[in-house]
Every structure is written in C-alpha cells, then in structure tokens.
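Worksheet for the structure shown next.
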Amino acid sequence: MSSAVIFPAQPENILKGLGKLWTSLGQEEKEQGKPTVLRACAMTLIVATDEPDAGFTASQTISELMHSHPARGIVLAVSAEAEKSLQARVLAQCWKPFGKAQQICCEQIEITARPQSWPHVGPTLIGLTVADLPVIFWCRHKGALSQAATSDEQAGLEAVTDLATKVVIDTRGMPAADATSLLERWQARGRVIADLEWTRLTPWREPLAHVFDVCDIKLADFHSIDIEYTDDRPSMAALYMGGWLSLYGAKVSFRRAAGYLPGVHRVTLRSDSKTIDFARTGLDSAVLRSAGGRECTYNFGEPAVTALMTEELALMGVDPAFNGAFGRVRGLLPDTP
C-alpha cells in the first residue's frame, strides 16, 4: 500500500502521509474485527543512490532487509530525470511470518531528487529519522563517493553522513588508494564505517579463524602471507585480507591469478614448519588445506548484497576486526604505476 506523490517533500508532509497510511491500515483492522497489523521499527535505514533505475533496486533490497531488521526505510534516489526537485511517496512493507495471521509492517519512504537538490537533503532527512534509534546510512551514490565528486555532491554526502550512527559503503570497483583515503577521512571524523568488501571476506575468515581455534598453531607463528587476487590490481578485499592476517607483522605479498570470481582467489600462510592454503576451486567452492594434511571443502559463492547488508546491520557499533585490518591497509597499498 502506498500514497500519492508528496510535493513539496517536506518532513511534515511526509510524516502526515505516513499517518494517513497507518490510519488506513488501522481501518482494515477494524473491519476485520481483530488486530492484524504489527508496526515494527528498530532503526532508520537511509539508502542514497544515483543508479539509473531511480532507486528501484535499493527499494527492493530494503524491503527484503526489513524481514530481519525492521526499520523505517528511506530511499533517496538522485536522478537528472526526476520530474520535480524533491518529491516523495510513502508505503508500508508488510509480510506474514510463517504460520501467523498477523502482518508485520514497516514504513518506507521513497524520495526522488534532482542533482541540484542533493546538497540540501539534510534538513528533510533530519525530520524523518526515528527518535532514539540508530540511523544507518548505506551510500550507493557512486558520484558522491568518487574522487571526482563535485562540491555539491560532497556537500550532500556530508549532510547525510552527519546524521548516521553507522555508514556503509561498497568499495568494490573503486581504486584502492581512493577508497582508503575516503575511509581514513571518515574515521578521522569519528564515524563508524563498514565496507561490504570486508563483509565479503566472512566465508574466508571464519574457516581460517577456526583453524587457529582448534589446532595447535598460532597466527603469530606465520612469517609470510601470499594472497592471489583476480582483479587488475589488489582490490580492497585483498588488502583487507592482508591487513587482517598481518596482525603480528608477517610479510604480505600479492599476486594476480586467473580465477572464478572478483576479489580474493587464494590465501597461503607460511611458517618455518607449517603451511596453510585456502583456495577457491570453483564458482561456489573452496578447499582449505591446513597443517598436518587436513583438508576441508567449503561451499560459498558470491554473496548477495542483501546477505551482506543483513550481516552489517547486525552490528551497530564499531567492528574491532575491521578497524584492525583497515589500519594496516595503507602500508599494503601497491605503488601507483
């Protein structure tokens, strides 16, 4: 269920639209004679995008995320094709848990803005965040994240990040040096940040961590780390892996290799007497060979963005493992050709 277009998209008009939406849902309950709708919200989730689909993909992803992380979802689509400078519509995302008669409903606000309105979205968003709950900002606005961003694009980005408890980006495809500089600036300003390139490493990190937990070996025993990657140059995923494994000062080397998916293809750890090798063997499989001849196959492919965001939304505060790995990325960056 959704409303008509709201213009001008001022907070009071949008909130009034939400009020009418819930009144309509309440009327349906009254007609059925029993409670049928449960209103749920644990955070404000803001997604900004400049993708050519005018926010459609972001809206679909938010609706899926709400099942595990109920939120007031706000999709801010920036497009030169927008009909008006800043317009909005509100809708309810509802679903029934298996075996239940009662619907769970969350609020979703879709805002469309022309590029010239992007620098001025801050006041609108301030009035739409849910009081006393975390504000998560997922930035898919590639233009604003780029080193070539205009002053207006940068101003809009800062206006939204100023509201956020946590900022999530995806540095896949970004030059590693540019991504590192951006994240360092945000960290210097005290922002809690997350990168989906780091989250993509979870299926790699968990088996490796398990080896150290159950075997009589320590990460500090390994003096060299070899990482193979499939991109033209070491991506942020490869650099994060190197940063994570070099906690005790091991030497990290990178090598390009043919592989199945973007990012990390193989990780090899060497000590004076032991070798651990973890390599992808197909689009959805990898083999871990650890000390003592142990071998284990893991099934994991390219994780969906929804799964990555679900993992990140489960952690509202600082991720010490990410911060530790990122703190060593600058020293691993390859020289610019």
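The values are calculated or read from the model by the stated rules, or taken from the named source; none is laboratory data. Worth saying up front: this structure is predicted, and the values here are computed from it rather than measured. Cβ placement follows ideal geometry from the backbone for every residue including glycine, while neighbour counts extend to all protein chains displayed.
Have a look at Gln27, Gln93, Gln10, Gln60 and point out the one that is out of contact with any Cys (no Cβ under 8 Å at 6 or more places or on another chain) and within 24 Å of Thr306 (Cα to Cα).
Matching residue, one of Gln27, Gln93, Gln10, Gln60: Gln60.
Checked against (1) more than 20 Å from the chain's Cα centre (by Cα); (2) in contact (Cβ under 8 Å) with a residue 60 or more places away in the chain, Ala194 meets all criteria but (1). Here is the figure for region 46-59: residues that are in a helix (DSSP H, G or I) and under 17 Å from Val90 (Cβ atoms) total 3. Screening Asp335 with (1) over 18 Å from Arg200 (Cα atoms); (2) touching a residue at least 12 places away in the same chain (Cβ under 8 Å) gives one miss only, at (2). Just one of the listed residues (Ser117, Ser63, Ser59, Ser79) is assigned by TED's automatic domain parsing to the domain that holds Arg39, over 23 Å from Glu158 (Cα atoms) and small (Gly, Ala, Ser), namely Ser63.
In region 284-295, the residues that are without any contact (Cβ under 8 Å) to a residue 12 or more places away in the chain reach residues that are of a type in the set (Gly, Ala, Ser) and surrounded by 15 or more Cβ atoms within 10 Å (Cβ to Cβ) with C-beta atoms within less than 8 angstrom, at least six apart or across chains, in these pairs: Val287/Ala279. Within region 6-19, residues that are at negative phi have Cβ atoms under 7 Å from residues that are acidic (Asp, Glu) and surrounded by 14 or more Cβ atoms within 10 Å (Cβ to Cβ) in these pairs: Leu18/Glu107, counting only partners at least 6 apart in sequence or on another chain.
Residues considered: Asp231, Asp272. Of these, the only one that is more than 30 Å from Leu133 (Cβ to Cβ), among the acidic types (Asp, Glu), over 27 Å from the mean Cα position of the chain (by Cα) and not assigned by TED's automatic domain parsing to the domain that holds Pro134 is Asp272.
In region 149-191, which residues are among the basic types (Lys, Arg), more than 16 Å from the chain's Cα centre (by Cα) and farther than 17 Å from Leu333 by Cα? Scanning region 149-191 gives a single hit, Arg189. Listed by position, the helices (runs of 4 or more DSSP H) enclosed by region 169-218 that each have at least 2 residues that are among the hydroxyl-bearing types (Ser, Thr, Tyr) are 176-188.
Report yes if Ala48 is out of contact with any His (no Cβ under 6 Å at 6 or more places or on another chain) and crowded, with 17+ Cβ neighbours inside 10 Å, otherwise no. No: the conditions fail for Ala48.
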